[in-house]
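Here's the structure we're looking at; comments come further down.
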Protein chains: 2
Amino acid sequence: MENRLRQMDQRKAEKMATVGRVAATLFNQKGYLETSMDDISVAAQLSKGGIYHYFSSKHEILYFIATSYMDLLLKELEQELRKMDDPLSKMKFIVFRHIDAYTRYTSEAKTTLHESHLLPPEFSKIYLRKEKKYYRIVLDVLSEIVGQPISKSQLRVITFMLFGMCNWIYHWYKPKGYVNPAELSEIITCIFSRGIIGYRGSKMND
Amino acid sequence: MENRLRQMDQRKAEKMATVGRVAATLFNQKGYLETSMDDISVAAQLSKGGIYHYFSSKHEILYFIATSYMDLLLKELEQELRKMDDPLSKMKFIVFRHIDAYTRYTSEAKTTLHESHLLPPEFSKIYLRKEKKYYRIVLDVLSEIVGQPISKSQLRVITFMLFGMCNWIYHWYKPKGYVNPAELSEIITCIFSRGIIGYRGSKMND
């Protein structure tokens, strides 16, 4: 009995992942607002009733995509970082995971970056909690690399600079091109850490 | 007579700029594909015939927005840079102009970044020529800052890293918040130049 329940859960999770993947592809092609549940049902080769069995609305699909993507980024991240002493290794690890997740789940990543602001408040709250947790982890590692106290505002700017470099790759980066994800992570980590080690901040106040 | 023609040109340019601005706002709110010429006509308080007097299609409006924005970034850029000896001053100048243009023309900037890939080939070709020119100018300045030969691929990655930091600001930056555009340009220039001065590249081949 327990086994059967586990199998059902497993099947449900797989179906939801499939619908999420198909929907993310459509959201990227047509935009979230212009994609209908009908479009998703056709592309997923499921009846509309079948889709509603898993998701009660299009918002719920978007929520599923965005939170699953954040969960992927966060998965065991803190545990892994705790095993490392060197903040540079931590940064390289985070940047590699970030780029690797993007290259493996490009549609989900783009949907999360571009459409998650359309989530209704009850969903948005939970999504943003995950986003903030990730942001906080990255900020703490960067603060370690800087190695001396700088203002919160400066640290905030630095953190968004790194996110900018990593997230902007969807505009230009081809994982099978002249630089692979590991090399790209290496370059970003190398240059950015050189830039912030011992950075004393500008004249800006907190 | 000449005076009257100049006045007409002036009026036409102003009307086109107004339509462009209104359309860019709508493209950001609703997306380019879902915005109709009717929507633009209502928002611009012009009859549809009035709009078609200036633009023969929605694509032409998008083309106008994207190329005007690139023209703004490129305007006298090379002349100004030629006056400077120090590559760091050049970089700071470019980053400040980039951020300043973004904060003053946010809708146009976002439309250019997000929608210009939808331009039909005949328009896209001209737009991309401008984009490439800008990219080339930035790449040359960064190459000067690095100060020693590195591979083309590395230089390309470095250039896109800078564009990433600067363009990502639309996700988080509030010009009237705790850091103004001049301070933000200062921080980006300071950290990024520290990162790339004397950078010898990773093991990656060209």
Legend entry - All positions within segment A:16-36 that are without any contact (Cβ under 8 Å) to a residue 40 or more places away in the chain, out of contact with any helix residue (DSSP H, G or I) (no Cβ under 6 Å at 6 or more places or on another chain) and in a helix (DSSP H, G or I): A:THR18, A:GLN29, A:LYS30
Legend entry - Yes/no for B:GLY49 being more than 25 Å from A:TYR32 (Cβ to Cβ), at pLDDT 95 or above and not charged (D, E, K, R): no
Legend entry - Qualifying positions in segment A:165-189 - hydroxyl-bearing (Ser, Thr, Tyr) and touching a Leu at 6+ places or on another chain (Cβ under 9 Å): A:TYR170, A:TYR173, A:THR189
Inset, instruction - Go through (1) among the aromatic types (Phe, Trp, Tyr); (2) free of Cβ contacts under 8 Å to residues at least 60 places away in the same chain; (3) within 25 Å of A:THR159 (Cα to Cα) and name the single condition A:TYR102 misses. - result: (2)
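Hand me the list of helices (runs of 4 or more DSSP H) wholly inside segment B:55-116 holding 1 or more residues that are assigned by TED's automatic domain parsing to the domain that holds B:MET165 and either β-branched (Val, Ile, Thr) or closer than 21 Å to B:ALA17 by Cα (or both).
Ranges flagged: B:58-74, B:87-104, B:106-115.
Is it the case that segment A:49-71 has a residue that's under 19 Å from A:THR159 (Cα atoms) and surrounded by 19 or more Cβ atoms within 10 Å (Cβ to Cβ)?
Among the residues of segment A:49-71, at least one is under 19 Å from A:THR159 (Cα atoms) and surrounded by 19 or more Cβ atoms within 10 Å (Cβ to Cβ), which makes the answer yes.
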Inset, instruction - Mind listing whichever residues of segment B:149-206 are within 23 Å of A:LEU155 (Cα to Cα), charged (D, E, K, R) and more than 8 Å from chain A (Cβ to nearest Cβ)? - result: B:LYS174, B:LYS176
Legend entry - Lone qualifier among A:LYS133, A:LYS92 - being of a type outside the set (A, V, I, L, M), crowded, with 17+ Cβ neighbours inside 10 Å and in contact with a helix residue (DSSP H, G or I) (Cβ under 8 Å, 6 or more places away or on another chain): A:LYS92
Legend entry - So A:ASP9, is it part of a helix (DSSP H, G or I) and touching a helix residue (DSSP H, G or I) at 6+ places or on another chain (Cβ under 6 Å): no
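The values are calculated or read from the model by the stated rules, or taken from the named source; none is laboratory data. Since this is a predicted model, take the numbers as computed values, not measurements. Note that each Cβ is placed from the backbone with ideal geometry, even for glycine, and that neighbours are counted across all protein chains shown.
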